[in-house]
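Please read the structure below before turning to the comments.
The values are calculated or read from the model by the stated rules, or taken from the named source; none is laboratory data. Remember, it's a predicted structure, so these values are computed and weren't measured experimentally. Don't worry about glycine lacking a Cβ; one is built from the backbone with ideal geometry, like all the others, and counts go over all protein chains shown.
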Amino acid sequence: MSPSPNRQAVFVGLFVSLAVAILVGVILTIGDLNDTFTKKLTVTSVFDEVNGLQQGDNVWFSGVKVGIVKGLAFHGGAQVEVTLKVDRSAAVFIRGDALAKIGSDGLIGNKIVVLYGGTEGSPALADGGVVVSAAALSTETILATLQENNTNLLAITTDLRGLSGALAKGDGTVGKLLTDDTLYTDVSATVATLGAASTNAQAMTSSLSTFSAKLNRPGNLPNDLVTDTTTYASLTDTVGALHQTGESAARLVTGLTDATASADTPVGALLHDPAAGAHLKATLANLSQGSALLTEDLDAAQHSFLLRGAFKKKARADAKAKAEAEVAAAAAADGQ
Amino acid sequence: MIHPAVDGFALGVYRGARFFQRFVTEVFLPPYHFRELVAQCYEVGVRSLPLVTVTGFITGIVFTKQSRPSLAAFGATSWLPSLITIALVGSLAPLITALICAGKLGSNIGAELGSMKVTEQIEAMEVSGINPFKYLVVTRTLATTLMVPALMLYCILVGLLGSYLNVHGNEATSVAAFLKGGFSNIHFLDIFSSVVKCFVFGFTIGMIACYKGFNASSGTMGVGRAANASVVLSMFVIFIEEVLIVQIITWIRGF
Amino acid sequence: MSPPVPAVPAVPAVPVPAGPVISIRGLKKAFGDREILRGVDLDVSAAENVVVLGRSGTGKSVLIKLLVGLLTPDAGVATVLGQDVHALKPAALDALRRRIGFSFQNSALYDSMSVAQNLAFPLTMSAHGVSAAEVRDRVADALEAVGLAHAIGQMPSELSGGQRKRVGIARTLILRPEIMLYDEPTAGLDPVTSTEINELINQVQQAYHTTSIIITHDLTCARSTGQRVAMLLDGQVSRVGTFDEVFASDDPRIASFYAYNFTNSEHA
């Protein structure tokens with residue numbers, strides 16, 4: 001049995017009231033959120049492209065929704081004129097020289113128009129005004145850059161993969177270096193030997209310089225030495241041989257340098273052969289001994305009257321050259 | 001005579017159009033049966049509330065539950081209220097309400113008027129000098145036309161409630177945030193188009209069920225056929241109308 | 001079974017225009033290729049009970065439905081209370097219908113309404129300005145007239161076939177009709193109930209001075225209620241007269257009808 005007609009009417013009335021209440025509630029909610037009842041002003045902005053911006057999309061200022069996109073229309077050549085409705089209450093905070101750009105409220109979110117910038121003190125946004133647009137960082141650009149980065153990254157990782165594979169297997173110079181520890185001991189032995197060799201070489205050259213200094217000392221050589229041609233000739237021969245010995249020593253040092261550059265050369269092998277090293281030391285010792293004897297010989301020669309003149313002549317020539325150099329230096333100083 | 005089927009179809013369309021025309025003329029002419037209209041509104045609206053409540057509520061929950069994983073993949077579960085509200089207001093609520101009503105009211109009205117027709121109650125009314133079209137068809141069609149939009153609004157409320165419970169349970173969203181998120185992408189046109197849609201759906205259900213019942217062939221079979229045909233035909237027509245109205249609304253949105 | 005039928009309270013006789021109240025001339029009706037009525041002629045005078053007899057499917061029901069404009073004839077004229085039924089505008093037709101009571105074969109009670117609502121319905125819907133108290137009184141009177149005062153709060157589904165028939169007649173009487181049309185008043189009823197209905201039809205005729213057409217294939221009903229009997233054969237009225245006059249005919253079709261009714265069961 002149905003309720004009486006009056007009860008039915010009451011129920012229907014209640015139900016209809018409920019429905020109307022829901023409708024009113026929904027309308028108010030929508031109105032509140034869409035700011036339908038707030039006063040708005042209209043501004044336009046011209047973009048080269050709008051990235052799929054649509055009518056009804058939001059307008060943000062400092063991250064706050066301040067209006068909506070009212071319409072889109074082609075403008076001039078291929079530009080798009082976007083009409084924006086901005087709340088009057090928000091517009092007072094937006095400067096007239098603010099810029100507009102197309103943004104997005106998320107990576108795959110809706111497109112939005114972002115108003116930003118503007119200089120303090122310039123007048124507020126006015127109704128009917130034009131907002132200058134800025135080139136937007138479009139998703140396409142972002143994606144293009146991202147793609148390029150990807151390609152680079154891919155090349156780098158490919159190389160790295162090959163390199164690490166080769167290192168692990170011990171291929172290539174670095175690989176060998178990392179995997180072969182005999183080389184390290186060889187090199188350190190070579191360097192030690194070389195150190196000893198150079199000490200000997202230094203000792204020899206210091207002896208030589210002592211000898212040459214004694215040569216320069218005046219009054220040591222007999223005056224008639226120059227007249228004695230045989231002695232002089234033999235002396236010249238001795239000096240030439242000495243020069244040759246120096247050159248040999250230089251070659252030896254160069255060879256040693258080469259030996260350190262490559263572990264595979266015969267010199268290198270010779271260097272880190274203990275027997276060869278000992279031999280070389282002996283040679284150097286002999287060489288040193290030889291030079292010491294030579295020093296004694298030269299000492300004797302200085303005291304020989306035969307050679308005194310020749311040495312004196314050389315000292316005079318030296319002194320004359322020195323004086324000439326001093327005169328030239330003084331002239332140069334006067335000219336200044 | 002082209003083909004019996006084509007003939008029958010054409011005749012059906014003609015009779016349907018005449019029925020519609022009769023409704024349009026009689027709805028404005030007195031006498032008006034307000035009491036019967038209220039009684040039918042009670043039958044159609046209030047008595048359908050439990051069904052719409054359960055269906056709307058479950059739809060809200062289920063739709064939210066099923067949408068969550070795909071949105072969660074983007075970390076965008078905060079869009080759930082918006083998604084659900086758009087779906088509910090835009091098409092779920094009108095369609096669910098219309099289909100439920102087509103099933104419940106279509107069979108109710110079709111069977112009631114069909115059995116009245118078969119047992120000569122409609123003729124009895126006619127020979128008492130009462131216009132059965134006005135008393136039966138106009139009141140029922142008006143009742144469905146008025147009540148289906150109301151039921152749809154109620155369905156939105158219940159559906160949102162179901163959705164809110166689910167969203168609140170998972171994301172602890174507040175009512176205010178839920179509504180703000182939900183209605184931020186809804187415009188007046190959306191809600192008005194849904195209401196208008198439901199007026200059309202309600203009218204369709206009432207008109208088709210009354211036509212089928214009013215023209216039921218004699219016998220118990222005729223009553224069953226009338227009830228069945230009103231449900232099937234009204235559901236079919238509702239879907240076609242949905243497509244057309246969406247087209248029209250999209251066109252209006254362009255302005 | 002049913003309580004004894006009380007006397008129907010008498011109402012003053014309505015002045016009836018001279019000549020026949022119902023006049024049928026050359027009425028034809030076909031459904032598709034099937035010709036049901038092939039030119040029926042019949043006159044019914046004021047305060048007269050006329051029985052139209054015929055086998056099932058001979059168009060008896062079609063005939064009275066034509067008289068109230070439920071059906072439209074293919075040809076011919078039906079004049080009721082001086083008005084051509086099929087030339088009337090809807091409003092005038094409705095007004096004419098309110099002066100005619102129509103008792104349907106299956107009673108056609110509104111299932112959704114109680115007995116009281118069924119009776120009150122035509123009154124509240126068509127006769128405006130009737131107070132609620134008056135409606136209540138007239139419903140009680142009409143139910144009492146058919147002997148069912150106790151059934152006032154029941155639903156039609158709770159009533160027996162005979163009770164439904166009585167409520168159906170009461171519902172037509174509530175508008176105080178000048179003409180009563182009975183469609184198979186005894187169909188589907190047991191013989192005792194049939195007799196009670198026949199008595200009720202006669203009482204209504206006497207109390208309300210109604211002009212009645214009774215459609216039936218039941219000869220018992222025809223003999224007890226009909227002052228005149230019209231035999232409908234092959235879509236035409238073949239004989240009109242008293243029951244005995246009609247069945248005095250040697251027409252084999254009438255003879256077979258008579259034999260069928262009284263040699264077989266009551267309900268064919």
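Here are the numbers for the structure shown:
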item: Cβ pairs under 7 Å, 6+ apart, first in the range A:10-33 and at the interface with chain B (Cβ under 8 Å from one of its Cβ atoms), second not in a helix (DSSP H, G or I); result: A:Val12/B:Gly45; A:Phe15/B:Gly45; A:Ile30/B:Ile186; A:Ile30/B:His187; A:Gly31/A:Phe37; A:Leu33/B:Ser184
item: Residue in the range C:62-84 that is nearest to the chain's Cα centre (by Cα), counting only those that are more than 13 Å from chain B (Cβ to nearest Cβ), among the hydrophobic types (A, V, I, L, M, F, W, C) and surrounded by fewer than 21 Cβ atoms within 10 Å (Cβ to Cβ); result: C:Leu81
item: B:Met116 surrounded by fewer than 24 Cβ atoms within 10 Å (Cβ to Cβ), more than 14 Å from chain A (Cβ to nearest Cβ) and of a type in the set (A, V, I, L, M); result: no
item: Meets criteria (part of a helix (DSSP H, G or I), of a type in the set (Val, Ile, Thr) and at pLDDT 90 or above) for B:Ile252; result: no
item: Positions within the range A:71-92 being surrounded by 18 or more Cβ atoms within 10 Å (Cβ to Cβ) and modelled with pLDDT under 85, in sequence order; result: A:Asp87, A:Ala90, A:Ala91
item: Pairs where the first residue, in the range B:5-28, is among the small types (Gly, Ala, Ser) and the second is surrounded by 13 or more Cβ atoms within 10 Å (Cβ to Cβ), C-beta under 8 Å, 6+ apart; result: B:Gly16/B:Tyr211
item: Residues of the range C:21-48 classified as under 17 Å from the mean Cα position of the chain (by Cα) and either over 23 Å from C:Ala255 (Cα atoms) or in a loop (DSSP other than H, G, I, E, B) (or both), total; result: 10
item: Those residues of the range C:158-178 which are within 11 Å of chain B (Cβ to nearest Cβ) and either over 17 Å from C:Thr124 (Cβ atoms) or in a loop (DSSP other than H, G, I, E, B) (or both), in sequence order; result: C:Arg164, C:Gly168, C:Ile174, C:Leu175, C:Pro177
item: Single residue of A:Leu23, A:Leu53, A:Leu18, A:Leu41 found to be surrounded by 15 or more Cβ atoms within 10 Å (Cβ to Cβ) and assigned to a strand (DSSP E or B); result: A:Leu41
item: When residues of the range B:55-91 are limited to those that are free of Cβ contacts under 8 Å to residues at least 40 places away in the same chain and either of a type in the set (D, E, K, R) or under 18 Å from B:Asp190 (Cα atoms) (or both), the one surrounded by the most Cβ atoms within 10 Å (Cβ to Cβ); result: B:Leu83
item: Set C:Asn198, C:Asn106: member being assigned by TED's automatic domain parsing to the domain that holds C:Thr225 and more than 30 Å from B:Phe34 (Cβ to Cβ); result: C:Asn198
item: Qualifying residues in the range C:143-157 (those that are not in a helix (DSSP H, G or I) and not hydrophobic (A, V, I, L, M, F, W, C)) - the one surrounded by the most Cβ atoms within 10 Å (Cβ to Cβ); result: C:Gly147
item: Any hit, the range B:183-199, residues being of a type in the set (D, E, K, R) and at pLDDT 85 or above; result: yes
item: The range A:32-58: number of residues that are touching a helix residue (DSSP H, G or I) at 6+ places or on another chain (Cβ under 9 Å), modelled with pLDDT of 80 or more and aliphatic (A, V, I, L, M); result: 2
item: Extreme residue, farthest from C:Val62 (Cα to Cα), among residues of the range C:164-193 that are crowded, with 23+ Cβ neighbours inside 10 Å and of a type in the set (Ser, Thr, Tyr); result: C:Thr172
item: Filter pass, C:Met113 being of a type outside the set (Ser, Thr, Tyr) and not in a helix (DSSP H, G or I); result: yes
item: Residues located in the range B:138-196, provided they are over 14 Å from A:Ile27 (Cβ atoms), within 11 Å of another protein chain (Cβ to nearest Cβ) and not in a helix (DSSP H, G or I); result: B:Ser184, B:Asn185
item: Count of residues meeting criterion [assigned to a helix (DSSP H, G or I), among the small types (Gly, Ala, Ser) and within 12 Å of another protein chain (Cβ to nearest Cβ)] in the range B:1-54; result: 2
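Yes/no matrix, rows are residues, columns are (1) touching a residue at least 24 places away in the same chain (Cβ under 8 Å); (2) facing chain B (nearest Cβ under 8 Å); (3) within 13 Å of the chain's Cα centre (by Cα); (4) not in a strand (DSSP E or B):
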residue: C:Ser56; (1), (2), (3), (4): yes, no, no, yes
residue: C:His86; (1), (2), (3), (4): no, no, no, yes
residue: C:Ala91; (1), (2), (3), (4): no, no, no, yes
residue: C:Phe102; (1), (2), (3), (4): yes, yes, yes, no
residue: C:Gln105; (1), (2), (3), (4): yes, yes, yes, yes
